[in-house]
Ligand code: HEC
């Protein structure tokens, strides 16, 4: 879904310094560098999803100064749509 704004951010189309796919896979399926986000997109409450991205975790950088909350919610929305397609 390359036209979804959340997908564009996630895949580095909108900004080259934001490339979630590098660790989480092109469609959120995960890689050896990061876990699958398909389940998370569906089951993590939006507030927790935002906080995970804003603060980062072990192995994941913080996107605090890079993304707005609105942009992060767009990514969560895109992941939810990708997950729905896969079922
Ligand atoms: C350098 C690799 C890397 C990049 C880039 C990255 N992540 Fe992560 N991400 C990780 C790792 C590793 C974890 C698991 C951390 C842990 O052990 O809890 C994670 C965890 C997460 C979680 C929590 C998942 C859960 O089930 O609790 C979310 C949400 C997430 N990432 C979203 C994103 C988004 C959105 C982006 C892009 C803005 C992104 N990540 C970019 C490596 C990355």
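In the stretch 11-23, how many are surrounded by 15 or more Cβ atoms within 10 Å (Cβ to Cβ) and within 6 Å of the ligand (Cβ to nearest atom)?
The total comes to 3.
Taking the stated definitions as given, is residue 81 more than 8 Å from the ligand (Cβ to nearest atom), in contact (Cβ under 8 Å) with a residue 12 or more places away in the chain and either in a helix (DSSP H, G or I) or under 12 Å from the mean Cα position of the chain (by Cα) (or both)?
Against the criterion (more than 8 Å from the ligand (Cβ to nearest atom), in contact (Cβ under 8 Å) with a residue 12 or more places away in the chain and either in a helix (DSSP H, G or I) or under 12 Å from the mean Cα position of the chain (by Cα) (or both)), residue 81 qualifies.
Can you name the residue in the stretch 40-64 that is more than 8 Å from the ligand (Cβ to nearest atom) and assigned to a loop (DSSP other than H, G, I, E, B) and, of all such residues, is modelled with the lowest pLDDT?
Filtering first and then ranking leaves 45.
Given the options 37, 67, 26, 33, name the one that is modelled with pLDDT of 95 or more and surrounded by 12 or more Cβ atoms within 10 Å (Cβ to Cβ). Lay out the reasoning, then the answer.
Working: 37 fails: modelled with pLDDT of 95 or more; 26 fails: modelled with pLDDT of 95 or more; 33 fails: surrounded by 12 or more Cβ atoms within 10 Å (Cβ to Cβ).
On inspection, the qualifying residue turns out to be 67.
Which residue is surrounded by the fewest Cβ atoms within 10 Å (Cβ to Cβ), if the candidates are limited to the stretch 53-64 and must be free of Cβ contacts under 8 Å to residues at least 24 places away in the same chain and in contact with a helix residue (DSSP H, G or I) (Cβ under 6 Å, 6 or more places away or on another chain)?
We begin by selecting, within the stretch 53-64, every residue free of Cβ contacts under 8 Å to residues at least 24 places away in the same chain; these are 53-58, 61-62, 64.
Still in the running and in contact with a helix residue (DSSP H, G or I) (Cβ under 6 Å, 6 or more places away or on another chain): 53, 62, 64.
Details: 53: 24, 62: 13, 64: 10.
So, considering only residues that are free of Cβ contacts under 8 Å to residues at least 24 places away in the same chain and in contact with a helix residue (DSSP H, G or I) (Cβ under 6 Å, 6 or more places away or on another chain), the one surrounded by the fewest Cβ atoms within 10 Å (Cβ to Cβ) is 64.
Could you give me the residue pairs with C-beta distances under 9 Å whose first residue belongs to the stretch 33-48 and is farther than 17 Å from residue 82 by Cα, whose second residue is modelled with pLDDT of 80 or more and assigned to a helix (DSSP H, G or I) wherever it lies, and which are 6+ apart or on separate chains?
That search, which allows pairs on different chains as well, returns 33/22; 33/23; 33/24; 34/22; 34/23; 34/24.
The values are calculated or read from the model by the stated rules, or taken from the named source; none is laboratory data. What you see is a predicted model, and the numbers here were worked out from it, not measured in a lab. Cβ atoms come from the backbone with ideal geometry, glycine included; neighbour counts cover every protein chain shown.
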